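*Asks:* Got a structure here, written out as structure tokens. Questions coming.
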Amino acid sequence: MEGSSGIALSISGGGHRAAAFGLGTIAMLQEFHLMETVVVLSTVSGGSLVGSFYLAAKAKAIGEAASGGDGVAQALQDWQATGFAGGFFEPFRAFLHSRTLAEQLVQHLLPIGNQTKLICGAAQRVHELLERYRYPSSLGHPSLRKLLESGQVRPDHVFFNATDLTSLDLFRFGVTRAVDEASGAFLERDGHSGCFVVNNVRIAVTPQGDDPDSQLASDLAADLRLADCVAAS
């Protein structure tokens, strides 16, 4: 993307192994003070599991601190010092060791007495885990909006990649800072700096004007659960 620089981090699929590899990769980049240079985070399958938890944990830490009056800069310092380890790394590592998600998903493969589809079961388990740690659980959560509205915090673009099974085309969910198509530069206007991404469509977080269709699209995208994006991925 012209006008931008930094790291694009892609975490592939592969179940728990992919999630564990992604966790280790993020931890290494954090240790070398490189995670704040990760401009794009793009994930799929098991990679989306760890990617969503990183995004949600960071948004919670930044959002709560900033709302408390400490400001984004101080919140980011706290995240670097203790928040990353205590709010993201250790809880997610404990989750991987517990095998809770894998065991519960296997239950949904059993044909007897099971009325829940596998993907719905996966989404519910992920959602429950996000709620357990009081992480933001939807694309439009106020804490995620704070990340989009601040030029001090990375990443700028987060994509959870899935596949449209009817066409086998790429289908994406995510959040991104709006970009000027001509210059490639980020638009930093408060309230208009963020977009939701659904498939190949960018939907403004705060629609401009009084267009009811634009407002409806924004509301629907904002209500998308992170867990559903991960499960689809």
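Rule-based calculations on the coordinates, nothing more; no lab input. Not measured: the values here are computed from a predicted model. Neighbour counts run over all protein chains shown; Cβ positions are idealised from the backbone, glycine included.
*Asks:* Across every pair of different alpha-carbon atoms, what Kirkwood hydrodynamic radius in Å does the range 1-97 reach?
*Replies:* Across the range 1-97, the inverse of the average 1/r is 13.9 Å.
*Asks:* A further question on this structure: Could the peptides 135-143, 55-63, 123-131, 74-82 be put in order, highest first, of the mean number of other beta-carbon atoms found within 10 Å of their residues?
*Replies:* 55-63, 135-143, 123-131, 74-82
*Asks:* Can you bin the range 29-72 into rounded, prolate or oblate? Criterion: square roots of the alpha carbon gyration tensor eigenvalues sorted a ≥ b ≥ c, rounded for a/c under 1.5, prolate for a/b above b/c, oblate for the rest.
*Replies:* Details: a/c = 2.86, a/b = 1.57, b/c = 1.82.
It is oblate, given that a/c is not under 1.5 and a/b is not larger than b/c.
*Asks:* Find how much the distance from Ala73 to Asp219 grows on full extension, using 0.36 nm per residue of separation minus their present alpha carbon separation; answer in nm with one decimal. Don't skip to the answer; put the middle values down first.
*Replies:* Values: separation 146, 0.36 × 146 = 52.56 nm, distance 2.91 nm.
Stretched out fully, the Ala73 to Asp219 stretch lengthens by 49.7 nm.
*Asks:* Using packing as a proxy for protection, rank 14-23, 151-160 so that the peptide with the highest average count of other Cβ atoms within 10 Å comes first. Write down the numbers at each step before the final one.
*Replies:* Values: 14-23: 18.2, 151-160: 21.3.
Going by the mean number of other Cβ atoms within 10 Å, highest first, we get 151-160, 14-23.
*Asks:* Between Thr82 and Glu31, what is the spin-label point distance in nm, taking each point 7 Å from the Cα along the Cα→C-beta axis?
*Replies:* Modelled inter-label distance: 2.2 nm.
*Asks:* Suppose the chain between Arg132 and Asp211 were pulled fully straight at 0.36 nm per residue; how much longer would it get relative to their current alpha carbon spacing?
*Replies:* Full-extension gain reported as 24.8 nm.
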